[in-house]
Amino acid sequence: MRFVLLLPRILLGGLVLFAISVMLYGVFARYVLVPLTDWMDTDPPNFFWVEEVGETSLAWLTLIGAAVAVKERSHFALNLITHRLPPGGLAVLHVAHNLIIAAFGGLIAWIGIKLVLLNMMLSSPALEMSLGWLYACTVVGGILMALYALDNARKTGGPEHSFADVRE
């Protein structure tokens, strides 16, 4: 399970660096290269692919990041009545909470599979890549979210863990 959590975190770091570098190239091309090529009266560089790469990177970052946040319990939690529940009630609430998250992750993955199948024959305008790659992040993120939530559900309370634990 350690590798299943480490790989998405490494991928997230790489995607952040990749997205930043692509966006920086887009800004550089738009505000430096285009005026320079206009001044030199040459063809401007093609940087219309930057937007598509940025959108795809952001989608993958969001869904894989949400799955990692489920595993690390770093999502927002509002504890209104949990302090009044007995330890057994907290354990039941913890399991139910994570099972709901797992069901939601499964639903995301199932809908994502349908989106991939529906859009895999379509291609993006600038890169001409299959739009299935854009929607595949919902499948990967949903499956990871479900796996991580199920793993969290099986780890019920203990001295080092409570329902109110949220990483900051």
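Any residue at all in the range 87-96 that is touching a strand residue (DSSP E or B) at 6+ places or on another chain (Cβ under 6 Å), at pLDDT below 95 and either surrounded by fewer than 16 Cβ atoms within 10 Å (Cβ to Cβ) or under 19 Å from Leu5 (Cα atoms) (or both)? Outline the logic, then answer.
Step one: list which residues in the range 87-96 are touching a strand residue (DSSP E or B) at 6+ places or on another chain (Cβ under 6 Å), which gives none.
The answer is no; no qualifying residue exists.
Name every residue in the range 55-82 that is without any contact (Cβ under 8 Å) to a residue 24 or more places away in the chain and outside any loop (DSSP other than H, G, I, E, B), in order of residue number. If you could, list the steps in order and put the result at the bottom.
Within the range 55-82, the first condition is being without any contact (Cβ under 8 Å) to a residue 24 or more places away in the chain, and the residues that meet it are 69, 78, 80-81.
Within the range 55-82, Ala69 is the sole residue that qualifies.
Quickly run through the range 27-51 and pick out the residues that are of a type in the set (Ser, Thr, Tyr) and either surrounded by fewer than 13 Cβ atoms within 10 Å (Cβ to Cβ) or touching a Leu at 6+ places or on another chain (Cβ under 9 Å) (or both).
Let us first name the residues in the range 27-51 that are of a type in the set (Ser, Thr, Tyr), namely 31, 37, 42.
Within the range 27-51, Tyr31, Thr42 meet the criteria.
Could you please tell me which pairs satisfy a Cβ distance under 7 Å, a separation of 6+ or placement on different chains, a first residue in the range 21-38 that is among the hydroxyl-bearing types (Ser, Thr, Tyr), and a second residue that is assigned to a helix (DSSP H, G or I)?
Tyr25/Val50
Might you let me know whether the range 23-41 holds any residue that is farther than 21 Å from Cys137 by Cα, among the polar types (S, T, N, Q), part of a helix (DSSP H, G or I) and touching a Pro at 6+ places or on another chain (Cβ under 6 Å)?
Step one: filter the range 23-41 for residues farther than 21 Å from Cys137 by Cα, giving 24-41.
In the following step, the residues that additionally are among the polar types (S, T, N, Q) were identified as 37.
Still in the list and also part of a helix (DSSP H, G or I): 37.
Keeping just the survivors that are touching a Pro at 6+ places or on another chain (Cβ under 6 Å) gives 37.
Scanning the range 23-41 turns up at least one residue that is farther than 21 Å from Cys137 by Cα, among the polar types (S, T, N, Q), part of a helix (DSSP H, G or I) and touching a Pro at 6+ places or on another chain (Cβ under 6 Å).
Taking only the range 113-139 into account, find how many residues are aliphatic (A, V, I, L, M) and outside any helix (DSSP H, G or I).
7
Does at least one position in the range 52-74 carry a residue that is over 28 Å from Glu128 (Cβ atoms), surrounded by fewer than 14 Cβ atoms within 10 Å (Cβ to Cβ), at pLDDT 90 or above and of a type in the set (A, V, I, L, M)?
For the range 52-74, residues over 28 Å from Glu128 (Cβ atoms), surrounded by fewer than 14 Cβ atoms within 10 Å (Cβ to Cβ), at pLDDT 90 or above and of a type in the set (A, V, I, L, M): absent.
Give the residues of the range 125-141 that are touching a residue at least 24 places away in the same chain (Cβ under 8 Å) and among the polar types (S, T, N, Q), sorted by residue number.
Scanning the range 125-141 gives a single hit, Thr138.
The values are calculated or read from the model by the stated rules, or taken from the named source; none is laboratory data. Remember, it's a predicted structure, so these values are computed and weren't measured experimentally. For neighbour counting, all protein chains shown are included, and Cβ atoms are generated from backbone atoms with ideal geometry for every residue, glycine included.
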